[in-house]
Amino acid sequence: MSDAGRRPFVGGNWKMNGDRGSAATLIRGVLGAIGADPEGIDVAVFPAFPYLLEVGSILSGDQSTVMLGAQDVYHQPNGAFTGEVSVEMLRDCGVSAVLVGHSERRHVIGEDDRTVNRKVLATLNGGMTAVLCIGETLEQREAGETDAVNERQTRLGLAEVSADDMDRVVIAYEPVWAIGTGRTATPEDAQDAHAKIRSVVAGLYNADVAERVRIIYGGSMKPDNAQALMAMPDIDGGLIGGASLKAADFAAIVRAGVGVAS
Ligand code: 13P
C-alpha cells in the first residue's frame with residue numbers, strides 16, 4: 001500500500017467449490033474470525049451463484065459490512081439467454097460486487113475482451129463494483145508479453161468506462177501461471193506489473209484516477225506471503241482463491257491487509 005490513502009480490498013473467490021452447508025459454515029467462520037465490520041478495509045466474498053442467497057442472508061443477519069460478490073454476470077438485462085444471470089438478478093440477491101474477466105472465464109470458457117468490457121459496463125451501470133481481472137499466461141510471460149497483455153486487457157476491459165465510474169472499479173492483476181499453482185509472483189515482480197497497470201490507467205484517464213484506483217494481486221496469495229505483497233506501494237489488496245476456502249487463512253490475509261493500511 002502506498003500513502004495515497006487507497007482503502008485495501010481483499011476478496012475471496014470461492015470458485016466452483018463447496019456445497020450449501022459448507023458455504024454457510026465458511027461465511028460464519030470468516031465473520032467469526034474477522035468480525036462483521038472489518039475496519040479500514042473492504043472485504044468481499046464471491047460464492048457460486050446457487051449459494052448467494054444463503055451467504056447473503058447470513059451476512060445481513062450479522063449486519064455485516066462484508067460485501068457479497070458474484071463470480072460472473074451477463075451483460076443483457078433479461079430475455080432468452082439460457083443459463084445466464086443478469087445484473088438485476090444479482091442485485092436482487094444482495095450482490096454488490098462482480099468479478100469480470102477472471103482468467104478461468106477467459107481461458108477455460110473462452111471470453112474475449114469485448115465480452116469482458118460489456119460485462120464491466122453492465123455491472124457499473126447497475127451501480128455495482130466491477131472487479132476487472134487481467135493477467136498474462138505463462139506462455140505470454142515467457143514471450144516477454146506481460147506488459148502488453150496487461151495493457152491490452154486493461155484498455156479494452158475499461159473501454160467507455162467513465163472517469164466517475166472508475167471509483168467503482170477494482171483491477172485484479174492475476175498472472176495465470178500463479179493461480180492455483182502455489183507459485184506466487186515475487187513482491188517485486190508484482191509491484192512492477194501493478195505500477196505499469198496504474199500508468200496505463202493514468203494514460204486512459206488522468207493521474208488522479210490512477211492514484212485512486214485499487215489494483216489488487218491474485219495468484220497463490222496465502223497468509224505467509226500476503227503481508228509482503230500488500231506492503232508494496234501499488235498493491236492494494238488481494239483476490240484469494242484456495243486460501244479463501246479456509247476461514248482462518250482468509251482472515252489472516254484480511255488482517256495483513258489491515259496491517260499494511262494502518
Ligand atoms: P489461488 O489463490 O487459488 O491461486 O486463486 C487465485 C484466483 O484465481 C483468485 O481469483
| task | Please list, ordered by first then second residue, the pairs with beta carbon atoms under 6 Å, 6 or more apart or interchain, first in segment 36-48 and under 13 Å from L59 (Cα atoms), second within 13 Å of the ligand (Cβ to nearest atom) and assigned to a strand (DSSP E or B). | result | V43/V10; A44/G11; A44/G69; A44/A97; V45/G12; F46/N13; F46/G69; F46/L99
| task | Working only within segment 172-187, note down all residues that are free of Cβ contacts under 8 Å to residues at least 12 places away in the same chain and not polar (S, T, N, Q). | result | none
| Is it true that some residue in segment 209-224 is of a type in the set (G, A, S), in contact (Cβ under 8 Å) with a residue 60 or more places away in the chain and in a loop (DSSP other than H, G, I, E, B)? | yes
| What number goes with the only condition from (1) touching a residue at least 60 places away in the same chain (Cβ under 8 Å); (2) within 17 Å of A130 (Cβ to Cβ) that E88 does not pass? | (1)
| In segment 34-45, is there at least one residue being under 21 Å from D249 (Cα atoms), within 16 Å of the ligand (Cβ to nearest atom) and surrounded by fewer than 18 Cβ atoms within 10 Å (Cβ to Cβ)? | no
| query | In segment 172-204, which residue that is surrounded by fewer than 18 Cβ atoms within 10 Å (Cβ to Cβ) and not in a helix (DSSP H, G or I) is farthest from the ligand (Cβ to nearest atom)? | reply | T186
| Got a sec? Which of S220, S162 is away from the ligand (no atom under 15 Å from the Cβ), of a type in the set (G, A, S) and either over 22 Å from R7 (Cβ atoms) or modelled with pLDDT of 95 or more (or both)? | S162
| field | Odd one out for R212, checked against (1) more than 14 Å from I240 (Cβ to Cβ); (2) within 16 Å of the ligand (Cβ to nearest atom) | value | (2)
| field | Matching residues in segment 94-134 - criterion: being part of a loop (DSSP other than H, G, I, E, B) and either among the hydrophobic types (A, V, I, L, M, F, W, C) or free of Cβ contacts under 8 Å to residues at least 24 places away in the same chain (or both) | value | V95, G110, E111, D112, M128
| task | Scan segment 78-88 for residues that are surrounded by 13 or more Cβ atoms within 10 Å (Cβ to Cβ) and touching a helix residue (DSSP H, G or I) at 6+ places or on another chain (Cβ under 9 Å) and jot them down. | result | V85, S86, V87
| field | The one condition in (1) in contact (Cβ under 8 Å) with a residue 40 or more places away in the chain; (2) closer than 29 Å to G94 by Cβ that S162 fails to fulfil | value | (1)
| Restricting to segment 45-62, what's the tally of residues that are of a type outside the set (D, E, K, R) and at pLDDT below 95? | 1
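The values are calculated or read from the model by the stated rules, or taken from the named source; none is laboratory data. Please read all numbers here as calculations on a predicted model, not as lab measurements. In this analysis, Cβ positions are derived from the backbone assuming ideal geometry, glycine residues included, and neighbour counts consider all displayed protein chains.
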